[in-house]
1. Can you confirm whether Gln11 is within 18 Å of Leu129 (Cβ to Cβ), within 13 Å of the ligand (Cβ to nearest atom), free of Cβ contacts under 8 Å to residues at least 60 places away in the same chain and not β-branched (Val, Ile, Thr)?
2. Output the residues belonging to the stretch 19-37 that are surrounded by fewer than 20 Cβ atoms within 10 Å (Cβ to Cβ) and touching a residue at least 12 places away in the same chain (Cβ under 8 Å).
3. Suppose we keep only residues that are within 10 Å of the ligand (Cβ to nearest atom) and on the phi > 0 side of the Ramachandran plot within the stretch 79-120. Which one would you say is surrounded by the most Cβ atoms within 10 Å (Cβ to Cβ)?
4. Can you name every residue in the stretch 81-100 that is over 11 Å from the mean Cα position of the chain (by Cα) and either among the small types (Gly, Ala, Ser) or assigned to a loop (DSSP other than H, G, I, E, B) (or both)?
5. Report, by residue number, each residue of the stretch 125-134 that is touching a residue at least 24 places away in the same chain (Cβ under 8 Å), surrounded by fewer than 21 Cβ atoms within 10 Å (Cβ to Cβ) and not hydroxyl-bearing (Ser, Thr, Tyr).
6. Counting just the residues of the stretch 60-71 that are on the phi < 0 side of the Ramachandran plot and more than 9 Å from the ligand (Cβ to nearest atom), which one comes out least open to solvent (accessible area, probe 1.4 Å)?
Amino acid sequence: MFETEDTFRHQGMRKGLVSLLREKKIASEEVLDAIGKIPRHMFFDSVFHHNFAYEDLAFPIGAGQTISQPSTVAFQSTLLEIQKGNKILEIGTGSGYQTAVLLELGAKVHSIERQRELFATTKNVLQRLGYRANLYFGDGFEGKDSFAPFDKIIVTCGAPFIPPKLLDQLANDGKMVIPVGEGKTQIMKLISKDSNGDIYEESFGNFSFVPMLNDKQY
Ligand code: SAH
């Protein structure tokens, strides 16, 4: 049962979350504004979880997957330096919360999810909330060649390596943020392409994501 009401209580908790993210040094006002607008509790399928929706926690969303921690969503979104109208590819739609943040930032979003059930549920959630993204059921390792190149690419699952097709589909002057690593933790990498297509890599500490999988879809 997904909640449809945004009460004063939810709004109050949401303000608290934005203050907390500010304390945690999230510097982008645009990203903080986006998080301040989005009813995160509506991305949880049980009202019992609403008290957690505005804590800075990752949370199970079914099928062994998680909705990323708000500070992680904010951090990845900030690293991408999103401009209005940017065309963005997201790998791992999950709950759709990160998708909503990208849309609030004025981006055009293409998002891929490999779990069919989650793909179907999240499509409904985003539609009901009026968020318009291009959602695909498929394998993120393949990217979405038909809509490439992308100004920005965001990977929201732990990748064993940087998928070559994603690198190909990144525009010149584009940026990709991707947690890389095969163990329990990954290193957050920011990959930048310059105007000649040369590639630069920076690292931003350890994070913990569910793995990016390329075995059979279910
Ligand atoms: N952005 C999401 C994070 C969800 S967790 C959110 O805000 O809720 C990561 C998601 O990546 C999971 O839903 C998982 O099913 C998905 N995933 C894992 N491997 C994938 C792949 N190869 N292609 C696309 N999605 C993948």
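1. no
2. Passing the criteria: Leu20, Lys24, Ala27, Ser28, Glu30, Leu32, Asp33, Gly36, Lys37.
3. Selected residue: Gly96.
4. Glu81, Ile82, Gln83, Lys84, Gly85, Asn86
5. Scanning the stretch 125-134 gives Val125, Arg128, Leu129, Arg132, Asn134.
6. The qualifying residue least open to solvent (accessible area, probe 1.4 Å) is Pro70.
The values are calculated or read from the model by the stated rules, or taken from the named source; none is laboratory data. Given the structure is predicted, the values throughout are model-derived calculations rather than measurements. Please note: Cβ atoms are built from the backbone with ideal geometry, for glycine as well, and neighbour counts cover all protein chains shown. Protein only, heavy atoms only, side chains kept; ligands, DNA and RNA dropped before computing areas. Shrake-Rupley method; radii C 1.70, N 1.55, O 1.52, S 1.80 Å.
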